[in-house]
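These notes concern the structure reproduced below.
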Amino acid sequence: MKHFFLALRFLTILPLGRDQGEIKEEDLVASMYYYPLVGALVGLILFLFFNWARGNWPLFLSSALTVTLWVILTAGLHLDGLMDTFDGLGVRGDKERRLAVMRDSRVGAFGAQAATLLIFLKIAAIAALSSELSMPGALFLAPVAGRTAMVALMGTSSYARSESGLGRVFVEGAGISHVVVTAILFTVLAGAYLWATVFAALVSQIIVFFGIRHFFRVNFGGVTGDLIGAACEIHELALLIVIAAVA
């Protein structure tokens, strides 16, 4: 359980598990196997909260509060990556220039616009799904899909920066075994819901994954921690929208 709690404490603000003391690189790499399970816990919390909130407040407000909780639970970690990614894409220049802009802690116009649109679309998708039978599956599986995509991206990509960084530890440590295990976990967790909906969700996630992976390779030469976080947010949103469309 050590590596599960390490993944939980790294990806969320949930203060569960004991202090692990000194964390080694191999511990961080091993914790990636548990990313989908962390996503499942986040998804369960979100669904339970939304189910309670819509019984007390209007639908749109309940959806907005659920997305707010989503950001709080993850400390905005992946949303920060999304903003940095779009700030990098918004500048003129080569890959090195984009990566340099992403290092800047300040949020630019492109990052702010991307975050605003993503949050709005998540709220709208949750509101659209609220009366559907697939709602539990959508809100539960979206965080699972995002974290599965993170592992798949790290396990099949190279690190974009020449200098070291925390992202390098994960990207260089991830392997095919991480991709296979997390993909199986995602499929098993998804299998509890309507198969037609799950099939559409799986296909869409695969298409989005390879599209993002190719885009990052062309525009950044690989992936960084920010790009991995952006991929998580995009996959979460894609799953919500696809299930809303086919439900």
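The values are calculated or read from the model by the stated rules, or taken from the named source; none is laboratory data. Only a predicted model underlies this, so the values are computations on that prediction, with no experimental measurement involved. Counting neighbours? That spans all protein chains shown, and the Cβs are built from the backbone with ideal geometry, glycine included.
Do we have any residue at all in the stretch 37-57 that's part of a loop (DSSP other than H, G, I, E, B) and within 22 Å of Leu118 (Cβ to Cβ)? Step through it out loud before you land on a result.
Residues of the stretch 37-57 part of a loop (DSSP other than H, G, I, E, B): 54-57.
Pick out the ones that are also within 22 Å of Leu118 (Cβ to Cβ) and you get 54.
Yes, some residue in the stretch 37-57 is part of a loop (DSSP other than H, G, I, E, B) and within 22 Å of Leu118 (Cβ to Cβ).
For the stretch 214-233, how many residues meet the condition of being part of a helix (DSSP H, G or I) and buried (at least 18 other Cβ atoms within 10 Å of the Cβ)? Before the answer, list the steps.
So in the stretch 214-233, the residues part of a helix (DSSP H, G or I) come out as 214-220, 225-233.
Remaining after also requiring buried (at least 18 other Cβ atoms within 10 Å of the Cβ): 216, 220, 225-233.
Selection size over the stretch 214-233: 11.
Restricting to the stretch 148-167, count the residues that are of a type outside the set (Val, Ile, Thr) and under 13 Å from the mean Cα position of the chain (by Cα).
Taking the stretch 148-167 and keeping what is of a type outside the set (Val, Ile, Thr), we get 149-150, 152-155, 157-167.
Subsequent filtering for residues that are under 13 Å from the mean Cα position of the chain (by Cα) retains 149-150, 152-154.
Qualifying residue count for the region: 5.
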Near pairs, Cβ below 9 angstrom, 6+ apart or cross-chain, from the stretch 5-16 (within 10 Å of Val38 (Cβ to Cβ) and part of a loop (DSSP other than H, G, I, E, B)) to any residue that is modelled with pLDDT of 95 or more and among the polar types (S, T, N, Q): Thr12/Thr74
Test: Ile206 is in a helix (DSSP H, G or I) and farther than 18 Å from Leu11 by Cα: yes
Selection from the stretch 204-247 of residues that are of a type in the set (D, E, K, R) and under 16 Å from the mean Cα position of the chain (by Cα): Arg213, Asp226, Glu233, Glu236
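In this structure, is Ala115 surrounded by fewer than 22 Cβ atoms within 10 Å (Cβ to Cβ), free of Cβ contacts under 8 Å to residues at least 24 places away in the same chain and either aliphatic (A, V, I, L, M) or touching a Phe, Trp or Tyr at 6+ places or on another chain (Cβ under 6 Å) (or both)? Give the steps one after another, and end with the answer.
Numbers: surrounded by fewer than 22 Cβ atoms within 10 Å (Cβ to Cβ): yes; free of Cβ contacts under 8 Å to residues at least 24 places away in the same chain: no; either aliphatic (A, V, I, L, M) or touching a Phe, Trp or Tyr at 6+ places or on another chain (Cβ under 6 Å) (or both): yes.
So Ala115 fails the test.
Among the residues that make up the stretch 82-99, is at least one of them among the small types (Gly, Ala, Ser), exposed (fewer than 15 other Cβ atoms within 10 Å of the Cβ) and not in a loop (DSSP other than H, G, I, E, B)? Lay out the reasoning, then the answer.
The first filter runs over the stretch 82-99 and keeps only residues among the small types (Gly, Ala, Ser), leaving 88, 90, 93.
Those still in the list that are exposed (fewer than 15 other Cβ atoms within 10 Å of the Cβ) too: 93.
So of that shortlist, the ones also not in a loop (DSSP other than H, G, I, E, B) come out as none.
Looking for residues that are among the small types (Gly, Ala, Ser), exposed (fewer than 15 other Cβ atoms within 10 Å of the Cβ) and not in a loop (DSSP other than H, G, I, E, B), one finds none in the stretch 82-99, hence no.
Per-residue answers, yes or no, for (1) closer than 22 Å to Leu46 by Cα; (2) modelled with pLDDT of 95 or more; (3) β-branched (Val, Ile, Thr):
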{"position": "Val107", "(1), (2), (3)": "no, no, yes"}
{"position": "Lys122", "(1), (2), (3)": "yes, yes, no"}
{"position": "Glu132", "(1), (2), (3)": "yes, no, no"}
{"position": "Ala149", "(1), (2), (3)": "yes, yes, no"}
{"position": "Ser162", "(1), (2), (3)": "no, no, no"}
Matching residues in the stretch 64-78 - criterion: being at pLDDT 95 or above and part of a helix (DSSP H, G or I): Ala64, Leu65, Thr66, Val67, Thr68, Leu69, Trp70, Val71, Ile72, Leu73, His78
Pairs, first of a type in the set (Gly, Ala, Ser) in the stretch 51-80, second surrounded by 19 or more Cβ atoms within 10 Å (Cβ to Cβ), C-beta under 7 Å, six or more apart: Ala53/Ser62; Ala53/Thr66; Ser62/Phe50; Ser62/Arg54; Ser63/Ile123; Ser63/Ile126; Ser63/Ala127; Ala64/Ile123
